[in-house]
Amino acid sequence: MTTNDHQIPPDALIANPEPPRRSGSIVLVLLVAGAIIAAAVALMTLGRAEAQPYILGLLALLAMVGLFMLFAFAAGIVRFADRVADDPIMRPIADHAFDGLAVTDSRGHVIYANHAYLALTGAATVQEVRPVERVFIGNPDVSEAVFRLLKAAREGKRQQEEVRVAATDGVHGRWLRMRVRPLGASKRESKYSVWSLADITRDRERQEDVFQELQHAIEYLDHAPCGFFSVDAAGNLVYVNATLATWLDHDLAEIGSGGLKLGDIVSGDGAALLASIVPEPGEVKTEVFDVDLKMRGGKTMPARLYHKLAFGADGAPGASRTLVISRARDERLDPQRAAEVRFMRFFDHTPMAIATVDKAGAVVLANARFAKLAQSLNPAVNKSILAAVNDRDRHLLVSAIARAAEGQGDIAPVEAMLEGARERWGQFFVTAVLDDEADAEVAIVYMLETTERRVLENQVNQAQKMDTIGQLAGGIAHDFNNVLSAIMMANDFLLNAHKPTDPSFQDIMQIKQNATRAATLVRQLLAFSRKQTLRPQVLDLGEALTDIDRLLKRLIGEKVTLEMQHGRDLWRVKADVSQFEQVIVNLAVNARDAMPDGGRLTIRTANVTAQEAAQLSHKGMPAADYVRIDVSDTGTGIPADIVDKIFEPFFSTKEVGKGTGLGLSTVYGIVKQTGGFVYVDSEADKGTTFHIFLPRHDASSDAQPGAAASSALPEQPVETRQRAADLTGQGTILLVEDEEGLRSLNARGLRSRGYSVIEASNGIEALEALEERQGAVDLVVSDVVMPEMDGPTLLKAMRGKNPDLKIIFVSGYAEDAFEKSLPENEQFAFLAKPFALSALVAKVKETMAPG
């Protein structure tokens, strides 16, 4: 389609099809008003009677004129003048606008079109003007765009399209930008639409020329003999030229689509080195870095980077412009440059942060590891190494650098806390730069972060301390058990010798109650030392917690709300149910005491897979399947300075008389003896959470033959024990106990029940007594820990002479503590100290029973 460039006279423009509007005149209005007033004055000069017909006639005439004007206005014959439409400035602007303008009504008829519209649509006269859809009818390249414009106009929306209109010769053509804009705020008010046509052919040609030039520039850059890349502030590669992509064996399609980051092509900590440029608002900086680039297959190549970075007014970095020069050829051909490349590789890839500094601690040169350290601490570290050290220890590093500036040697390493939100430590080694020409550099500082080492040291020290305390507690408990056993045994004799009506009977009962209370404390000590007797069984922790729900609610009181959240399909664990309940009760009581004004106690359970366990930050816990129990409160929390001491026995923050200090130590011991782990997270004034991890029970381990053969003899059913009221018996018992007082009391008690007792103070005497009796012994009751020969060794020797000999071990330790010292499939009975006389004779009669 072509256009006619002939001139169209201004009076040929399409105007409003309505009659032309006439402007009003104020003179005419004044003349009419004057005539009416004159008539009224003239009539006033006449008499009332004479003037009345004339007045009525005048009023009738005015009424008829007014009524006619109303009908004429309603019919559109008469209209009020529109000053805006006759604006002498706006109308010429539209008429002579550069873009073609046309106004259409709701039926699509053109009611106005300017000169440019007529020229662009090829209309020679006013009668040839057509709306846009009729101008381009039959043109498939334009019809779809026109359809979208018409649809937008009907919906009261604005729309813009750019289309190419082919010429009649089929070769040349032009580009048009079409716009439509409804006149009105809403679809209902939009009775007219304004169409705009603009010839943008030259703009399009200019854009295509620029695009072609850009394509040529990219082609030149892509095939340049050096690499080039651009990285944004987030570390994403937004451009890599073909040369660099070929060097690194990467697909160009992956780059720029979020597929590659700077760390994917820069080896080691080189990416941190590029990010170490200190920002200065509004500045453009170029730094030179020698790094190793990483290929797709994992190999590396040495390269020198010219890294140009522009910073905005706020100091934010823009995308980089980085030139890459391969140094692989230098490494092969030039020995001097090869040495330089090897040194830079050593310098940047060493696991130690290295920086050269001036007298004030300002960084002159640093390696990649130092740049990565600065990223994790504070970007200001790239300017001054002193910014890496906490204020408390900063003077130590300042002093070391000052000594290096004086040329001193053998400067002691500086152990200092690093600056940052969390506690981190580092060790600084300062060496003087012995170069008179190096005015800026006075020292080389080597830095190693020692945070993990200190954490491990603290953990080892804590573990050793806990083991030492456990051994001490276990030893004390064992010795104290012997004393308690003697007290309880003597107390039983006194109770048997006194009637309830005796005046001293209540005192004897008081002794018994206090002895029982002391035995409870000893059991807690043994629990901490992991030397108590456990009766493990396969448990569903959800059911076990549900069973003690009411007990816990009574313990914590009405002010504290208990909430239990059980995980689905919990795995089974193997634990002593009573000891597990003791763990939960102890934690619940501690939580209650931490919430004097009330709060919430939450107990959660969940499965933890080996993969999840490996991702946890809990030290010392191997990756395995666990069942996790979290006990959380909203109490006062535990101060950070004592959180490492809470599991120590007798450590308590409660008032004197309100706690034994064994609650959490008992929790620690029971969980550890069960094979689990316990950790604590606490924040002052926000609450505390104890995390308990118990290993998942492997059901296949229960089916191993002989697994229960080495354990103690099974106890008889409860019904049998309840029926066995007669505790007397007959037989010869060899009693082996190194505590003389306890041994004599036990022997006295057994003799009082009808048994014949042979006493021995250690294993050697017991073997001699057995030899003298020529094996005529029905039962051996022996302590475990004894001088010269302990219980397990005695059992081996006796079973060698009499395989069917029955034996009862009595100990303040758990049977697990010595069971591993026995041969497999050895059977024995066990009685934990301290015990009453009735418990001893009951165990003896039970063990001696036939079968």
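The values are calculated or read from the model by the stated rules, or taken from the named source; none is laboratory data. Computed from a predicted model, the values in this text were never measured in an experiment. Every residue, glycine as well, gets a Cβ built from its backbone with ideal geometry; the counts of neighbours run over all protein chains shown. Side chains included, ligands, DNA and RNA excluded: accessible areas come from the protein's heavy atoms. Shrake-Rupley method; radii C 1.70, N 1.55, O 1.52, S 1.80 Å.
Simple spin-label estimate for residue 105 and residue 48 gives 5.7 nm between the two label positions (7 Å along the Cα-to-Cβ direction from each Cα). Residue 484 contributes an accessible area of around 10 Å² to the protein surface, as traced by a 1.4 Å probe with all chains present.
Note on residue 234/residue 26: beta-carbon distance plugged into 1/(1 + (r/R0)^6) with R0 of 45 Å gives a FRET efficiency of 0.05. Any idea how far the Cα center of region 495-510 sits from the one of region 289-359, in Å? About 91 Å separates the Cα centre of region 495-510 from the one of region 289-359. If the cut-off is a Cα-Cα distance under 22 Å, which lysines reach residue 645, setting aside same-chain residues fewer than 8 apart in sequence? Straight-line reach from residue 645, under 22 Å: 465, 531, 619, 654, 658, 672, 686. Residue order by solvent-accessible surface for 164, 628 is 164, 628, largest first, with ligands and nucleic acids left out and a 1.4 Å probe.
Report the local net charge at residue 690: Lys and Arg +1, Asp and Glu -1, summed over other residues whose C-beta lies under 10 Å from its C-beta. Net charge in that neighbourhood comes out at -3. Averaging the Cα positions of each part gives two centres, and for region 136-161 and region 218-256 these lie 42 Å apart. Here the label points at residue 299 and residue 147, each 7 Å from Cα along the C-beta direction, are separated by 5.7 nm in the simple model. Per-residue SASA remark: residue 429, around 70 Å² accessible (1.4 Å probe; ligands, DNA and RNA not included). Compared with the alpha-carbon gap, the fully stretched path from residue 206 to residue 352 is longer by 47.0 nm at 0.36 nm per residue.
For region 304-357, the alpha carbon convex hull comes to 130 Å³ per residue, rounded to a whole number. Semi-axis lengths, largest first, of the ellipsoid equivalent to region 538-690 are 24, 19, 15 Å, with √(5λ) applied to each eigenvalue of the Cα gyration tensor. Estimated at 0.36 nm per residue, the fully extended path between residue 615 and residue 68 surpasses their Cα-Cα distance by 187.4 nm. Estimated from the Cβ-Cβ distance and a Förster radius of 41 angstrom, the FRET efficiency linking residue 219 and residue 365 is about 0.60. Maximal additional length on extending the residue 422-residue 164 stretch stands at 86.5 nm, based on 0.36 nm per residue less the C-alpha distance.
Overall shape of region 185-297 was characterised from the C-alpha gyration tensor. The equivalent ellipsoid obtained from it has semi-axes of 42, 21, 16 Å, in decreasing order. Relative contact order for region 307-398: 15 percent, from Cα pairs under 8 Å spaced at least 6 residues apart, divided by residue count. Taking all protein chains together and a 1.4 Å probe, the residues 833, 157, 806 rank 157, 806, 833 from largest to smallest accessible area. For residue 551, what charge total do you get from the other residues with a beta carbon under 14 Å from its beta carbon, if Lys and Arg give +1 and Asp and Glu give -1? Net local charge, residue 551 excluded: +1. The solvent-accessible area of residue 189, taken with every protein chain present and a 1.4 Å probe, is close to 110 Å². For residue 383, the lysines whose Cα comes closer than 27 Å to its Cα, not counting residues fewer than 8 places off in the same chain, are 261, 285, 308, 359, 372.
Among residues other than residue 416 with Cβ under 13 Å from its Cβ, the summed charge is -2 (Lys and Arg +1, Asp and Glu -1). Overall shape: oblate for region 344-430, with the ratio a/c of the largest to smallest alpha carbon gyration tensor axis at 1.5 or above and b/c at least equal to a/b. Ordered from highest to lowest accessible area with the whole protein assembly present and a 1.4 Å probe, 418, 727 read as 727, 418. Treating r as the C-beta distance of residue 440 and residue 336 and R0 as 35 Å, the FRET efficiency rounds to 0.90. Distance between the 7 Å Cα→Cβ label points at residue 600 and residue 756: 7.1 nm.
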